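The structure appears below as structure tokens.
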């Protein structure tokens with residue numbers, strides 16, 4: 001067992017947990033439009049579910065409207081249908097060869113719901129990071145039992161793993177704070 005390996009793999013996994021949390025936050029809609037909102041929308045492209053951004057150009061028309069222009073004109077209806085069925089609370093309108101997706105304004109009640117969702121996601125991310133810390137410390141203790149590492153090295157490595165955990169949880173809290181501020185901004 002290599003202490004450096006345990007630390008490196010733990011750091012990478014914690015980073016992935018933070019990145020996954022960032023991706024989850026990006027899906028939570030604020031009042032402003034952003035193209036990333038439609039990233040996970042799948043369109044039925046001749047019988048194959050395909051990501052929207054692979055069959056259409058997605059742009060911001062203005063602060064509250066996303067424009068989606070399919071590369072093939074006959075895909076307009078499929079794109080419109082996919083956005084409606086994506087469960088994002090969006091109501092696209094087709095004009096010519098572009099699908100316009102206006103962002104409805106958020107009600108106070110909806111903002112509070114979204115903040116609850118975001119806090120829940122943050123807690124899941126924190127739990128994931130803490131579980132990684134637990135696994136790393138368990139590996140270090142196993143190494144100590146098998147006499148593969150000295151007590152001092154094991155204790156030092158535990159401290160570093162704890163610092164990694166604190167750093168990543170602080171990052172999650174910072175992202176949560178930013179998203180809450182964004183959601184509350186009218």
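Can you name the number of the only condition in (1) at pLDDT below 90; (2) within 24 Å of residue 25 (Cβ to Cβ); (3) not assigned by TED's automatic domain parsing to the domain that holds residue 47 that residue 147 fails?
(2)
Sort out which residues of the stretch 96-128 are more than 15 Å from the chain's Cα centre (by Cα) and under 18 Å from residue 164 (Cβ atoms), and write them in order of number.
127
With the stretch 1-64 as the region, which strands (runs of 3 or more DSSP E) entirely inside it contain at least 3 residues that are touching a strand residue (DSSP E or B) at 6+ places or on another chain (Cβ under 7 Å) and surrounded by fewer than 14 Cβ atoms within 10 Å (Cβ to Cβ)?
Output list reads 56-62.
Restricting attention to the stretch 134-167, which residues are in a helix (DSSP H, G or I), in contact (Cβ under 8 Å) with a residue 40 or more places away in the chain and over 30 Å from the mean Cα position of the chain (by Cα)?
Passing the criteria: 140, 142, 143, 153, 154.
Restricting the stretch 104-118 to residues that are surrounded by 13 or more Cβ atoms within 10 Å (Cβ to Cβ) and in contact (Cβ under 8 Å) with a residue 24 or more places away in the chain, which is farthest from residue 175 (Cα to Cα)?
106
The values are calculated or read from the model by the stated rules, or taken from the named source; none is laboratory data. All values reported here derive from a predicted model rather than from experimental measurement. So basically every Cβ, Gly included, is an ideal-geometry build from the backbone, and we count neighbours across all protein chains shown.
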